[in-house]
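Chemist: A single structure is presented below for examination.
The values are calculated or read from the model by the stated rules, or taken from the named source; none is laboratory data. Fair warning: this is a prediction, and the values are worked out from it, not measured in the lab. With ideal geometry, Cβ positions are generated from the backbone for all residues, glycine too; neighbour counts draw on all protein chains shown.
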Amino acid sequence: MIRNKMIFVWLSMAVLLVVLDLWTKQIATQSLTLYRPVELTQWLNMTLAHNYGAAFSFLSDAGGWQRWLFTVLAAVVTLVLLVWLIRLPTSEKLTGAALGLIIGGAVGNLIDRIINGYVVDFIDVYYRDWHWPAFNLADSAITCGVIILLIDGLLLSSARRQS
């Protein structure tokens with residue numbers, strides 16, 4: 001019973017993330033003009049961008065085949081992470097939360113890629129003339145999830161083994 005409850009919590013977090021991600025992308029699409037920055041602070045713009053590639057627009061100009069490659073890849077990775085999540089012991093709460101973040105982010109971007117053929121990005125962080133590649137809520141969730149997995153796997157799990 002507790003195991004099912006934790007899986008429900010982690011998957012609910014992923015679903016909430018997908019909803020928020022798609023909602024923010026819809027707002028950005030309706031409110032912003034493609035590639036026209038709207039300055040919010042001295043280090044943050046909202047800039048609507050369409051990413052036809054993967055992270056950092058990798059393979060974005062490859063001619064269209066990459067859409068299907070990244071769609072299949074995201075679907076397979078999501079299924080693998082779901083299996084991992086379902087088999088995860090209930091004591092691994094941090095890992096479960098990390099997997100929920102990654103799954104939610106992956107599904108948000110996967111839906112974009114299936115429907116639009118690209119991922120909607122709109123957050124533009126910069127310093128002077130240097131801009132980090134535009135990203136979205138799903139990308140942030142994936143990044144946070146991976147960082148949590150790394151911290152848990154590299155630092156916390158070794159501390160648990162030593163105690």
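Chemist: Taking Val38 as the residue in question, decide whether it is of a type outside the set (Asp, Glu), closer than 30 Å to Asn4 by Cα and modelled with pLDDT of 90 or more.
Modeler: When the stated conditions are applied, Val38 does not pass them.
Chemist: Within region 56-72, take every residue that is part of a helix (DSSP H, G or I) and loosely packed, with under 15 Cβ neighbours inside 10 Å and give me the one that is modelled with the lowest pLDDT.
Modeler: Residue satisfying both the conditions and the ranking: Phe56.
Chemist: Still on this structure: If you go through region 1-38 one residue at a time, how many are of a type in the set (Phe, Trp, Tyr), part of a loop (DSSP other than H, G, I, E, B) and surrounded by 12 or more Cβ atoms within 10 Å (Cβ to Cβ)?
Modeler: Counting residues in region 1-38 that are of a type in the set (Phe, Trp, Tyr), part of a loop (DSSP other than H, G, I, E, B) and surrounded by 12 or more Cβ atoms within 10 Å (Cβ to Cβ) gives 0.
Chemist: Name the residues in region 74-126 that are part of a strand (DSSP E or B), more than 15 Å from the chain's Cα centre (by Cα) and among the hydrophobic types (A, V, I, L, M, F, W, C), would you?
Modeler: Val125
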